[in-house]
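Worksheet: the structure to be examined is printed underneath.
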Amino acid sequence: MVSSSPIVNTYPLSSYTFGAKEAKMEKDTSVADRLARMKVNYMKEGMRTSVEGILLVQEHNHPHILLLQIGNTFCKLPGGRLKPGENEIEGLKRKLSSKLGANSPAFQPDWQIGECVATWWRPNFETMMYPYCPPHITKPKECKKIFMVHLSEREYFAVPKNLKLLAVPLFELYDNVQRYGPVISTIPQQLSRFQFNMINN
């Protein structure tokens with residue numbers, strides 16, 4: 001008995017509306033600043049836990065992932081750090097609304113958080129993250145979980161003015177560590193167990 005793969009419905013990029021909202025300033029201007037801030041927070045709160053969402057749309061019958069671009073080069077998945085003790089699903093909804101939700105409650109997307117597709121670990125205060133926690137590390141500095149987010153057929157996204165929202169095809173992410181880093185470039189492998197249902201309006 002072969003179990004069927006989980007199905008993800010993807011809708012055309014054109015069925016989503018994109019607006020703008022006030023800029024969301026990044027807390028850190030460089031990677032060094034970010035790691036320094038992480039150290040300070042670690043002393044206060046212990047390991048950082050963060051959550052990010054994979055939002056899929058389709059263009060030319062191929063899945064595309066929505067990524068936030070900061071400046072001209074750096075891309076990231078929407079999400080962020082959980083508050084101490086915060087539930088992962090509720091925290092991800094809060095972060096997605098803060099990054100992509102409109103300021104008006106009437107236009108808030110109905111975030112449907114699906115399964116966790118990956119867990120990444122940061123063993124030290126360094127940029128490298130791994131899809132496992134090395135055995136000699138007893139106190140990792142960060143645990144990041146990445147969830148599928150099932151989008152409705154139509155949504156309104158409000159993008160902070162200082163960020164760009166890009167729809168990047170899965171094939172461009174694959175094996176492209178130089179451009180997207182180890183976490184985002186492995187998303188195509190993580191999604192390979194899903195069956196994409198391309199719905200054209």
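Tell me the per residue accessible area of the chain using a 1.4 Å probe; a whole number in Å² is fine. List each step's numbers first, then the result.
On the way: 10710 Å² over 201 residues.
Per-residue value: 53 Å².
About its Cα centre, how strong a charge dipole does the chain have in debye, to the nearest 20, once Lys and Arg get +1 and Asp and Glu get -1 at the Cβ?
I would put it at about 720 debye.
Restricting to bridges with both residues inside the chain, how much of the DSSP beta-bridge set is antiparallel, in percent to the nearest 5?
60 percent
Among Pro134, Thr186, Ala167, whose Cα lies farthest out toward the positive end of the dipole of the chain, if unit charges sit on the beta carbon of Lys, Arg (+1) and Asp, Glu (-1)?
Result: Pro134.
Enter the Cα centre distance for the pair the stretch 91-167 and the stretch 1-49, rounded to the nearest angstrom.
When both Cα centres are located, 3 Å separates them.
Summing Lys, Arg as +1 and Asp, Glu as -1, what charge do residues with Cβ under 15 Å from the Cβ of Pro188 carry, Pro188 excluded?
0
If r is the Cβ-Cβ distance from Asp28 to Arg179 and R0 is 30 Å, what FRET efficiency results, to the nearest 0.05? Each step should come with its number before you reach the end.
Values: r = 21 Å, r/R0 = 0.69.
It comes out at approximately 0.90.
Give the angle, between 0 and 90 degrees and rounded to the nearest 10, that separates the Cα long axis of helix 31-45 from the longest principal axis of the Cα atoms of the chain.
Tilt of helix 31-45: around 70 degrees.
To the nearest 10 degrees, how steeply does helix 88-100 sit against the main Cα axis of the chain, on a 0 to 90 scale?
It works out to around 70 degrees.
With a 1.4 Å probe and every protein chain kept in, tell me what percent of the accessible surface of the chain is carbon plus sulfur.
That fraction is 54 percent.
By the scheme Lys and Arg +1, Asp and Glu -1, what is the net charge of all other residues having a beta-carbon under 14 Å from that of Val8?
Values: positive: Arg193; negative: Glu115, Glu153.
Residues near Val8 contribute -1 overall.
The values are calculated or read from the model by the stated rules, or taken from the named source; none is laboratory data. Note that the structure is predicted; figures quoted are calculated from it, not measured. Cβ coordinates were reconstructed from backbone atoms using ideal geometry, including for glycine residues, and neighbour counts include every protein chain displayed. Just the protein is used for accessible areas: all its heavy atoms, side chains included, with ligands, DNA and RNA removed. Shrake-Rupley method; radii C 1.70, N 1.55, O 1.52, S 1.80 Å.
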